[in-house]
Amino acid sequence: MSLVLEIEEKRSKMLEVARQKGFNLQHPDVLLASQELDRLIEKQMKRMRKEH
C-alpha cells in the first residue's frame with residue numbers, strides 16, 4: 001500500500017474514533033490515532049524532501 005493511501009486510511013480512522021468519542025480531542029484513543037497519523041505524514045514529508 002502506498003504511504004499516501006495509508007495516510008488517508010489513518011485520517012479516516014482518526015475521524016471515526018473522534019466521532020465515537022464525541023469529538024473529545026483529548027480522549028486517549030483520539031490522541032493515539034492523531035499521533036499515528038502525524039508519524040505517517042512526517043514519514044511522507046521526509047520522503048518528499050529526499051526526492052527533491
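Report which label in (i) 6.0; (ii) 3.8; (iii) 3.6 holds the value of mean projected area of the Cα convex hull in nm² derived from the coordinates of this structure.
(iii)
Expressed in nm to one decimal, what extension gain is obtained for the pair L15 and I41 from 0.36 nm per residue of sequence separation less their Cα-Cα distance?
7.8 nm
Quick one: length gained pulling Q26 to H52 fully straight, 0.36 nm per residue minus the C-alpha distance?
This chain segment gains 5.7 nm when fully extended.
Take every Cα pair under 8 Å in the chain that's 6+ residues apart, average their separations, divide by the length, and report that relative contact order as a whole percent.
So the answer I get is 40 percent.
So, with a 1.4 angstrom probe, what is the percent of accessible area on the chain that is carbon and sulfur?
On the way: 2280 of 4220 Å².
Heavy-atom surface of the chain belonging to carbon and sulfur, 1.4 Å probe: 54 percent.
The values are calculated or read from the model by the stated rules, or taken from the named source; none is laboratory data. The structure displayed is predicted, hence computed values, not measured ones. To get the accessible areas, we keep the full protein, side chains included, count just its heavy atoms, and leave off ligands, DNA and RNA. Shrake-Rupley method; radii C 1.70, N 1.55, O 1.52, S 1.80 Å.
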